[in-house]
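Notes follow the structure.
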Amino acid sequence: MGILLEKISKNYNGQAVLKNLNLEIVRGEFHVLLGPSGGGKTTTLSVIAGLIRQDRGSVFIGSRNVSRLSPEKRKIGFVFQDYALFPHLSVFDNVAYGLRVKKIKASKISVRVGHYLHKVGMEKERDKFPHELSGGQKQRVALIRALVTEPEVLLLDEPMSNLDALTRETIADELKSIQQEMGMTTVYVTHNQGEAVLLGDRVSVLNHGEIEQIESPDELFCHPKTEFVARFIGAKNILKARVIRINQHEAIAQVNNSGLAKPLKIRVKKYPIFEKGKEINLCIHPEKIILKREDKVVDGNLNQIRGKILDRRNNGRFVKARIAAGGMELHAAIPKNIFDFETNENVWVCFAPDTPHPLCGKRCRATETERRCLKG
């Protein structure tokens, strides 16, 4: 079943948590709600589940308006951040709990629970109690407990935030495989960009109760549309500039946030939104920055700015460097095997004309949804 949120608003103590939010999630989609703490992700998920009642707006699951239905009548499965397993029940009984509430026959419960335990490789742990399980095992039990009742929609609230990186990746692979196999509409809350890329068919970025951008993971990370999204996904280099000339294939922009006495001009790929004299914001991913020694000849096709490395730190396969350049502070992420610079060293900061990406300068909300129900 698809999900449709229409003009959802929610206030807490006079503080707007969700602001006229519209969101359409298509049937069978794995949709990620991404954003910082306090952005409205968990509140949105709770509104879908019926755990929180919105102040205004409507919630549809498939063809049903479920806005006034209690959670148990919405046919949803919910996986909580802290797993919420019953400590006094075995793995089998935790998974079977929802089926027993629905008064399913014991013989059918045994078959169905056994099927899902097998699906996640937990048959041998069926008689264990939660305190005897690892974090990953608890997560698997919480997941299949939500799935065993065969809900129309699966909702997950930061389910992997307490897991180590290796277990998180393993669980993510298992979750995505099960979701694709079952074709179940899934909504997943996280603040982790890596999880969003790994799991999402589409990603909605929330900030202060509003949707900043909805895209596929690739499009979101390659082409952020607002300064907030750009900074949140790690594209920290934001150049405020003005278009001063437009040629056939590229434009010349004068950087406004440069502290240099002489204006800094850069070459930029031409975009349809460019007009002569227009103020624009350009973002550059740190991975797209190239560093060259000051005495090296630089490719004439690249933009180049004199700079000095302020500091550097290892970050896995990359070295992240902070650089004073052109009166600005820029960030570069260089593969560790080719980074050969020292703190306070003078360098050329280089980037290709097609590297800076223009930000639209305003929130790019989901298209206003029509007042209709999604087909089940």
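The values are calculated or read from the model by the stated rules, or taken from the named source; none is laboratory data. Bear in mind the structure is a predicted one, so any value in this text is a computation, not a measurement. Every residue, glycine as well, gets a Cβ built from its backbone with ideal geometry; the counts of neighbours run over all protein chains shown.
Taking Ser90, is it touching an Asp or Glu at 6+ places or on another chain (Cβ under 9 Å), more than 21 Å from Met182 (Cα to Cα) and among the polar types (S, T, N, Q)? The answer is yes for Ser90.
Which of the residues spanning the stretch 90-106 are of a type outside the set (Gly, Ala, Ser) and under 12 Å from Val141 (Cα atoms)?
If the condition is that a residue be of a type outside the set (Gly, Ala, Ser) and under 12 Å from Val141 (Cα atoms), then Val91, Phe92, Asp93, Asn94, Val95, Tyr97 are the ones that fit.
Right, Val95: more than 20 Å from Leu198 (Cβ to Cβ), aliphatic (A, V, I, L, M), part of a helix (DSSP H, G or I) and touching a Pro at 6+ places or on another chain (Cβ under 8 Å) or not?
no
Count, please, the residues in the stretch 10-31 that happen to be closer than 19 Å to Val153 by Cβ and in a strand (DSSP E or B). Residues flagged as closer than 19 Å to Val153 by Cβ and in a strand (DSSP E or B) within the stretch 10-31 amount to 8.
The set of residues from the stretch 170-192 being more than 16 Å from Gly2 (Cβ to Cβ), among the β-branched types (Val, Ile, Thr) and in contact (Cβ under 8 Å) with a residue 60 or more places away in the chain comprises Val189, Thr190.
Candidates Ala235, Ala251: the one that is surrounded by 19 or more Cβ atoms within 10 Å (Cβ to Cβ), without any contact (Cβ under 8 Å) to a residue 24 or more places away in the chain and assigned by TED's automatic domain parsing to the domain that holds Glu329 is Ala251.
All of Ile309, Ile244, Ile323, Ile273 fail the test of being aliphatic (A, V, I, L, M), assigned to a strand (DSSP E or B) and loosely packed, with under 15 Cβ neighbours inside 10 Å, apart from Ile244.
Screening the stretch 293-324 for residues that are over 31 Å from the mean Cα position of the chain (by Cα) and free of Cβ contacts under 8 Å to residues at least 12 places away in the same chain and picking the one that is farthest from Asn346 (Cα to Cα) gives Gly300. Within the stretch 115-129, the residues that satisfy the criterion of being of a type in the set (D, E, K, R), out of contact with any helix residue (DSSP H, G or I) (no Cβ under 6 Å at 6 or more places or on another chain) and over 23 Å from Met182 (Cα atoms) are Lys124, Asp127.
Screening the candidates Lys103, Lys138 for the property of being more than 30 Å from Asp55 (Cβ to Cβ), out of contact with any helix residue (DSSP H, G or I) (no Cβ under 9 Å at 6 or more places or on another chain) and assigned by TED's automatic domain parsing to the domain that holds Ile61 yields one hit, Lys103.
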